[in-house]
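Structure first, then comments.
The values are calculated or read from the model by the stated rules, or taken from the named source; none is laboratory data. Here the structure is a predicted model, which means the values were calculated and not measured. FYI the Cβ positions are ideal-geometry reconstructions off the backbone, even for glycines, and counts take in every protein chain you see. Protein only, heavy atoms only, side chains kept; ligands, DNA and RNA dropped before computing areas. Shrake-Rupley method; radii C 1.70, N 1.55, O 1.52, S 1.80 Å.
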Amino acid sequence: MTTIIDGKALAKAIREDVKKEVLELTEKTGVSPHLVVILIGDDPASHSYVKAKERACKNAGIRSTKLLREPNISQSQLLDLIGTLNRDDDVHGILVQLPLPKHIDENQVLLTIKKEKDVDGFHPLNIAALHMNEDGILPATPKGILTMLKSTNTPLKGKKAVVVGRSNIVGKPTAALLLKEHATVTIAHSRTEDLSYHTRDADILVAAAGRAKMITGDMIKEGAVVIDVGVNRMDDRLVGDVDFDDLLGKASFLTPVPGGVGPMTIASLLENTLACYKNLKGIARD
Ligand code: NAP
């Protein structure tokens with residue numbers, strides 16, 4: 001039997017916890033957390049992600065400001081804008097929506113965001129903290145994935161985990177988090193030979209390749225826990241990297257798309273924004 005991990009319900013519980021704490025701290029300090037999102041250009045997917053983030057902030061009592069910029073913004077203009085936000089004590093979180101136009105050096109942008117306001121957890125020092133087992137802001141999607149895995153009560157220690165995808169924002173940090181949980185981790189990517197050989201061995205499989213339905217039932221181990229990160233458009237609907245119906249009955253736990261990792265990413269972003277605010281205001285962490 002396959003249990004579907006309800007990302008929506010898990011995310012709702014997290015959002016409610018965040019909201020409760022935000023309201024308490026706002027009352028105590030007189031200042032609510034404030035997230036600034038920089039959105040460049042008119043990519044419809046980016047606009048819709050930002051809209052969802054703004055809505056979630058509003059519902060949690062977090063102020064959000066969207067700064068829209070033209071796609072021809074120069075690198076130095078963008079870095080100056082980030083510098084201004086870094087220095088603004090009323091800004092507790094800064095998020096630059098990716099992808100950026102080709103002429104902008106993404107790494108330089110991520111490096112410029114003050115690490116204490118880096119709600120996405122993409123600053124090199126936050127990434128280093130993850131790899132060095134130190135406190136830092138975790139990237140939202142991997143953090144949400146780990147929360148989902150823990151919700152299943154599946155032991156991770158000593159288990160074989162395979163992450164399909166090696167991006168800086170999903171694959172690599174997810175693998176690092178699983179390693180931190182003492183799983184034995186393999187990262188697969190587009191040059192991996194015989195992908196099924198690896199995936200069939202996985203107790204935990206995270207699919208983050210951005211290839212619609214590429215993981216089929218014959219590619220997984222009976223009883224594997226499968227987290228589907230992919231978001232792909234197919235025949236006018238959204239599907240994951242996993243062939244959901246094909247895995248039903250074979251996976252022990254499975255996340256749906258939509259309603260799985262997506263809502264958890266947003267919930268984790270709210271948690272990160274609250275954590276940055278508390279840190280900047282000198283409020284002790286729980
Ligand atoms: P990405 O930067 O395009 O990375 C995709 C990775 O998958 C790359 O490492 C690539 O390998 C690998 N890959 C591609 N085709 C493959 C194949 N046939 N076999 C094995 N590996 C393959 O994408 P991303 O930003 O990590 O996102 C991955 C997916 O997750 C996308 O569908 C994205 O929309 C989704 N996503 C969802 C959320 C959410 O909140 N739900 C958040 C972020 C991303 P190479 O490195 O060799 O090219």
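Does region 58-138 classify as rounded, prolate or oblate by the C-alpha gyration tensor (a ≥ b ≥ c root eigenvalues; a/c under 1.5 gives rounded; else a/b over b/c gives prolate, otherwise oblate)? Verdict is oblate for region 58-138. What is the diffusion coefficient of region 184-243 in µm²/s, taking the Kirkwood radius over Cα pairs and the Stokes-Einstein relation at 4 °C with a viscosity of 1.567 mPa s? For these conditions, the coefficient is 110 µm²/s. Of all lysines in the structure, the ones whose alpha carbon falls short of 27 Å from that of residue 28, not counting any fewer than 8 places away in one chain, are 12, 19, 20, 53, 58, 66, 114, 115, 117, 278, 281. Ratio of Rg to Rh for the chain, alpha carbon only, Kirkwood? With Rh from the inverse mean 1/r over Cα pairs, Rg/Rh is 0.97.
Seen from residue 37, the other residues with C-beta closer than 9 Å to its C-beta sum to a net charge of +1, counting Lys and Arg as +1 and Asp and Glu as -1. Using the Cβ of residue 165 as centre and a radius below 13 Å, the other residues enclosed give a net charge of +2, where K and R count +1 and D and E count -1. Placing unit charges on the Cβ atoms of the charged side chains and taking the dipole of the chain about its Cα centre, the candidate lying farthest along the positive direction among 84, 39, 163 is 84. For residue 16, the accessible area of its heavy atoms, probed at 1.4 Å with every protein chain present, is near 100 square angstrom. Shape analysis of region 12-171 places it in the oblate category; the axes a ≥ b ≥ c from the Cα gyration tensor give an a/c of at least 1.5, with a/b not above b/c.
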